[in-house]
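Working notes, structure below.
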Amino acid sequence: MDKKLSEEQKKFEAIYQHSHDAIMLLTEKGFFDCNRRTLEMFGFKTVEDFSKVHPADISPSHQPDGRESFPAAMGHIKIALKNGHDHFEWVHKKTNGENFYADVLLSSFPYEGENVLQATVRDITQHKMREQELLKLRKAVEASGEIIFTTDRDGIITYINPEFTHMYGHNEGEVIGKVTPRILKSGKLKKEDYKYVWDTITQGKVFKSSEIINKTKDGRFLTIEGSINPITDENGVINGFLAIQRDITNHKSEEEVMKKEKEQDQVLLDSVPAWIFFKDKENRFVQVNKSFCEAVSKTKEELEGKSLFDLYPKEQAEMYWKDDKEVMASGRAKMNIIESITTPKGLLWVQTDKIPFRNTEGDIVGIIGFSIDITAQKKAEEETKKKNEEMERVNTLMVGRELKMIELKKKITALEEKINKLEK
């Protein structure tokens, strides 16, 4: 039995010391043991040095949510001792003063007559950095130097970005709920011009212009170029339009404006890291952005006008086309589609939203697709799943080992008492 217990102890010690996660033992008073990874993660030289600190000592003074670290740490410790466990995110601090984000799991178990905690700490700084990058991307539209606004199906403005206010002088309260041409009308365009624009976009087509003259709030004329794209709701009905404009008032020549028309029309789409594509009912790409081209290692010219079956293996193309047909047949958007895609760079995982296009009569004329590369996320999720399973297994082994050690100590104590009695 002693041999078996010794073997189990060796297994536990190997897992404990070689875990990629920092593992430490503590009470409300502080730490009393830790593994090697803990010393590496926090920058301590010995277990003795680490055992002299309290969880709050290896944390900044305050957590990101504004809580003071010491009372917050004590709160988590008490919860774990009461409920048996507590799982939360935390910001720790290394001995060199560097802060890092951590995922912390506290598990309670009996040890030498009292409940103690095992803290398993995983550095998630890279994961947090990716989250912050995504947040920056969400704010990109708000910070864009392009004039961006949306309207409902009747042309009534529903959203403007800060650049709209900067260029036209109108704030949200002055334009939301107003008809687009009326609020920006300069008198320089003919009724036929407005009718042409309206007829184009309500047929589900993208309107592109190299030069339109609008009027600002203070009466100045603003020459802009841009595009208007129909937007459909989940039922497949056109419920609005997306306008992207840029000021070309100060451009020196009409020739320069015309030369840059197509390039600048693509600027906003190409600045977005997500893959964006427009397709018609015949399964042909009508428009794609730079990110999409780079992902499939093809140029816009090689993509636009081509169908899925020209670009992907038949089985894969049929799977994508099935989703497209479902969106167009149902008239409803299909969101958060998780799918794989074969590219020259290898197999990628993407999350795709597909929204139906409609014309003025309400007829569906194609789809708009937005895809985000989640390959790294998928790999991270798989890795996290494996590590969580490993963590659970380690926790189980550790608790079992502690219980066996306690039982062994009891037996040894009883044996010592018997020996003492015999000697007397």
Using the Cα gyration tensor of the stretch 256-352, with a ≥ b ≥ c the square roots of its eigenvalues, what is the shape: rounded (a/c below 1.5), prolate (a/b larger than b/c) or oblate (neither)?
prolate
Calculate log10 I(q)/I(0) of the chain for q = 0.09 Å⁻¹, where I(q) comes from the Debye formula with a single equal point scatterer on each Cα and nothing for solvent.
-0.78
What is the set of long-range amide H partners of VAL116 at a cut-off below 5 Å, with H atoms built 1.01 Å from backbone N?
PHE109, TYR111
Computed Rg/Rh of the stretch 289-346, alpha carbon atoms with Kirkwood Rh:
0.98
For ASP193 and ARG36, extending 7 Å from Cα along the Cα-Cβ vector and measuring point to point gives, in nm, a value of 7.5 nm
Decide, for the stretch 267-424, between rounded, prolate and oblate: order the square roots of the alpha carbon gyration tensor eigenvalues as a ≥ b ≥ c, take rounded if a/c falls under 1.5, and otherwise choose prolate if a/b is larger than b/c, else oblate.
prolate
Cα shape, the stretch 104-211, gyration tensor, a/c 1.5 rule:
prolate
Translational diffusion coefficient of the stretch 149-217 at 4 °C, 1.567 mPa s, Stokes-Einstein with Kirkwood Rh over Cα pairs, in µm²/s as a whole number.
101 µm²/s
If the chain between GLU234 and LEU408 were fully extended at 0.36 nm per residue, the gain over the current Cα-Cα distance would be 56.1 nm
Would you calculate a helix-derived [θ] at 222 nm for the chain, using -39,500 (n - 2.57) for each DSSP H run of n ≥ 4 and dividing by the full residue count, to the nearest 500?
-13500 deg cm²/dmol
Compare TRP349, TRP321 by solvent-accessible area with a 1.4 Å probe and give them largest first, with all protein chains kept in place.
TRP349, TRP321
Any GluC sites (Glu not before Pro) in the stretch 170-249 that lie in a DSSP loop and have at most 15 other Cβ atoms within 10 Å would be GLU234
Suppose accessible area is computed on protein heavy atoms with a 1.4 Å probe; arrange ARG36, ARG284 from highest to lowest.
ARG36, ARG284
Karplus (6.51, -1.76, 1.60) ³J(HN,Hα), θ = phi - 60°, over the stretch 274-279, in Hz, Gly and Pro reported as x:
5, 7, 10, 8, 10, 10
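Could you please put VAL272, VAL91 in sequence from largest to smallest accessible area, using a 1.4 Å probe?
The ranking, largest first, comes out as VAL272, VAL91.
The values are calculated or read from the model by the stated rules, or taken from the named source; none is laboratory data. All values derive from a computational prediction rather than experimental measurement. Please note: Cβ atoms are built from the backbone with ideal geometry, for glycine as well, and neighbour counts cover all protein chains shown. Side chains included, ligands, DNA and RNA excluded: accessible areas come from the protein's heavy atoms. Shrake-Rupley method; radii C 1.70, N 1.55, O 1.52, S 1.80 Å.
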